[in-house]
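> One structure coming up, written as structure tokens, with questions to follow.
Computed from the coordinates by the stated procedures, all read-outs in this text should not be read as laboratory data. Remember, predicted model here, so these are calculated numbers, not experimental data. Please note: Cβ atoms are built from the backbone with ideal geometry, for glycine as well, and neighbour counts cover all protein chains shown.
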Amino acid sequence: HREVFGETFERREFGRLVSGLVRAGLAVEESDSFERDGETISFQRLRLTRAGLAADVVPFLFDMPRRVAQADVIVSRAGATTLAEITAAGKAAILIPLPTATDDHQRHNAEALATKGAAEMLLQGDATGPVLAARIMALLSDPDRRTRMGESARSLARPDAAKVIVDRALGLLAPSSG
């Protein structure tokens, strides 16, 4: 059972990537998941069905921890919350930073993981169907590499980040002695 989990792509980019993956012949299994907004679900489902592929195209994943845990490879944007989930789960990922993100922060986030061997970065302009399909298949066919990538990702996880932030904020609010 191999699962590729893709999330948080805007409508046009999602359609372009799915079409490209279909044209590249990537076998999308029934367990594969793509998170999408409600307006494009039926269109994408129809497109994948006509291509002879089955996929779980849903507007929102309410069971994110389970889906992330099941995934062998995650294809995602590189926002802070998503990267926190990927690193906490210790998953192999291909990160496609949103090029319009403020101060290009998603590219910086993706580079930080990629330089540590915790993810691959693929710039949106380079993310064609054949290129993405080749990257996905390379990771799926190399479990040792996925394991190393997942271990590197987990080493970057900060599951106590919220507590640290709250403790520091409360420390700033505490009356100073002296």
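> Is there a quick way to get the dipole size of the range 84-149? I mean about its Cα centre, with the Cβ of Lys and Arg at +1 and of Asp and Glu at -1; what is the value in debye to the nearest 20?
So the magnitude is around 240 debye.
> Give me the extension gain from ALA174 to ALA84: residue separation times 0.36 nm, minus the current Cα-Cα distance, reported in nm with one decimal.
Value of the extension gain: 29.5 nm.
> By the scheme Lys and Arg +1, Asp and Glu -1, what is the net charge of all other residues having a beta-carbon under 12 Å from that of ALA110?
Result for the neighbourhood of ALA110: 0.
> Right, next: Binning at 10 angstrom from zero up to the longest distance, how are the C-alpha pair distances of the range 123-178 distributed in percent?
18, 22, 23, 17, 13, 7, 1
> If you take every residue apart from ARG158 with its C-beta less than 14 Å away from the C-beta of ARG158, what net charge results, scoring Lys and Arg +1 and Asp and Glu -1?
Taking every Cβ under 14 Å from that of ARG158, the sum is +1.
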